[in-house]
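In what follows, a single structure is set out as structure tokens and then discussed.
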Amino acid sequence: MPELLTCPAGGLRLSTVLQVAELESTTGVLALGQVGEVHLRDGVPTAARYGAHEGVDALLEFFLDPPGEMRLVATEVAPGPVLGNPVGLVMEGCRLADEWARLAPLVLAVVRPDELSPEQEPELAPFAGLMRRAYTPVGAAGTGGDPAGAAHRSDHATVCERCAAGGGGADASACPGRTARVGRAAGPDTWLSLGRRLARAERYDEAVVAFINAVRLDPDSRVAKQNLARASALASQLGAR
Amino acid sequence: MRLNAAQRELSLKIVYYGWGLSGKTTNLSHLHGSYPEEQRGRLLQLDTETERTLFFDYFPLHLGQIGGYRLKFDFFTVPGQSFYGSTRRAVLEGVDGIIFVADSSPLREEANVTSREDMRRTLADSGRPLDTIPHLHQWNKQDLRDALAPKLMDRYLNPEGAPSIPAVARNGVGVWETQSAIVRLVMESVRAATTRSVRRHA
């Protein structure tokens with residue numbers, strides 16, 4: 001099988017390779033490091049695999065976690081449905097990578113917001129407040145600080161079982177169960193689910209808090225990271241208007 | 001520029017560059033809506049199938065034939081916010097023509113300068129300085145009460161004296177002129193490159 005391209009780690013970017021493949025209408029398999037591959041038919045991705053991920057999610061994973069060596073080999077690829085417009089997929093991947101690069105130092109490397117270095121402060125300032133809210137101990141007194149309270153107030157009717165049953169009324173701050181479900185007992189999936197609901201309601205600031213908690217509880221969750229990156233970008237876009 | 005001999009197609013990439021909310025998407029949406037469906041591709045703004053919101057715009061447009069080859073222009077915008085650096089790099093890869101869209105509000109002076117500097121740096125880093133690529137400027141939002149005059153915009157954003165066009169993109173003013181001008185510049189560049197190549201092989 002003729003090898004069309006071999007690119008060492010740190011060489012060409014994946015976006016470049018995919019754009020060239022599209023322009024050249026290449027058919028073949030792009031092997032990405034040791035972790036996965038992308039099938040291309042006439043330059044259009046038709047399948048992707050990254051560890052346990054498959055399809056579009058797998059392709060986007062490669063942008064978040066750039067592969068090592070890339071090898072493009074010309075070979076027959078079975079006809080099948082395409083993953084999407086190649087230009088759109090490349091741009092989507094780049095966007096995710098940019099958004100995640102901006103947030104990663106804060107979410108993953110900084111243990112607490114008060115440990116932000118002076119260099120990190122200006123760049124990450126828009127999120128510092130959100131992080132402080134997310135890092136306030138769950139169930140802390142007051143209504144303005146804790147994420148459980150914020151989450152509870154944001155989606156009161158659907159999140160709080162007690163309130164939904166009529167025990168807490170409409171006032172979330174007065175609900176005795178305000179931390180019971182979202183706070184102490186919440187796992188990453190609960191935060192993720194809550195974040196999605198808040199994002200759908202265009203309450204991006206609060207969604208960011210929920211997704212940060214999802215990432216804290218499950219640092220390996222790519223889905224949580226993607227959602228966090230997206231929500232934070234939308235939050236900052238709205239803030240800029 | 002990409003010549004696909006098998007499909008007999010010449011593809012050219014045009015990028016609308018500028019700070020967030022300067023009017024890049026407005027330009028593209030207006031253009032897209034103005035062409036007949038058989039001539040234009042889908043305007044890629046929202047991928048409803050996967051519910052992923054795309055944050056840039058793109059559409060292909062067929063503009064006739066040249067030397068037996070179908071002429072296809074791909075129009076792109078870039079995301080304006082500062083931290084989308086690698087995305088802008090990806091969009092600028094292989095670009096054939098650039099339109100720098102600037103907001104004429106005096107409040108946007110600094111943002112315009114920053115964005116233009118970022119564009120120059122990104123292109124220089126990729127080995128293709130701005131002066132080697134056909135480009136022009138669009139001074140958008142000229143209908144603002146305090147809009148800076150085109151001459152003033154030229155003075156602070158266009159020291160090289162590239163073509164510039166005043167516009168009010170939301171009303172369609174200057175949108176066509178801008179597109180026609182960049183297509184003309186790019187085609188002149190293609191002709192020059194072709195002539196050089198023919199002379200070399202003669």
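None of the figures in this text is laboratory data; all of them are computed from the coordinates on show. The structure presented is a predicted model; accordingly, all values stated were derived computationally and were not measured. Heads up, the Cβs are rebuilt from the backbone with ideal geometry, glycines too, and the neighbour counts pull from every protein chain shown.
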Query raised in the report: Once you average over the residues of B:76-87, how many Cβ atoms of partner chains fall within 10 Å of each Cβ?
Result: 5
Requested in this report: Could you please rank B:THR195, A:THR75, B:THR77, placing first whichever residue has the fewest other Cβ atoms within 10 Å of its Cβ?
Outcome: B:THR195, A:THR75, B:THR77
Report summary line: The extension gain from B:ARG121 to B:HIS62, computed as 0.36 nm times the residue separation minus the Cα-Cα distance, is 18.1 nm
Query raised in the report: Using the count of nearby Cβ atoms within 10 Å as a rough guide to exposure, how do B:GLU109, A:GLU206 rank from fewest to most?
Result: B:GLU109, A:GLU206
Report task. Please order A:TYR204, B:TYR156 by the number of other Cβ within 10 Å, starting at the fewest. Result -> B:TYR156, A:TYR204
Query raised in the report: Quick one: Cα centre-to-centre distance for the range B:13-46 and the range A:11-89, in angstrom?
Result: 27
Report task. Please give the average number of partner chain Cβ atoms lying within 10 Å of the Cβ of each residue in A:83-89, rounded to a whole number. Result -> 5
Query raised in the report: With each label point set 7 Å from Cα along the Cα-Cβ vector, what nm distance links A:ALA74 and B:SER82?
Result: 4.6
Query - trypsin sites (Lys or Arg not before Pro), loop per DSSP, at most 15 other Cβ atoms within 10 Å - longest free stretch of chain B - result: B:43-144
Query - Sequence-distant residues sharing a close amide H with A:ALA48 (under 5 Å, placed H) - result: A:HIS39, A:GLY55
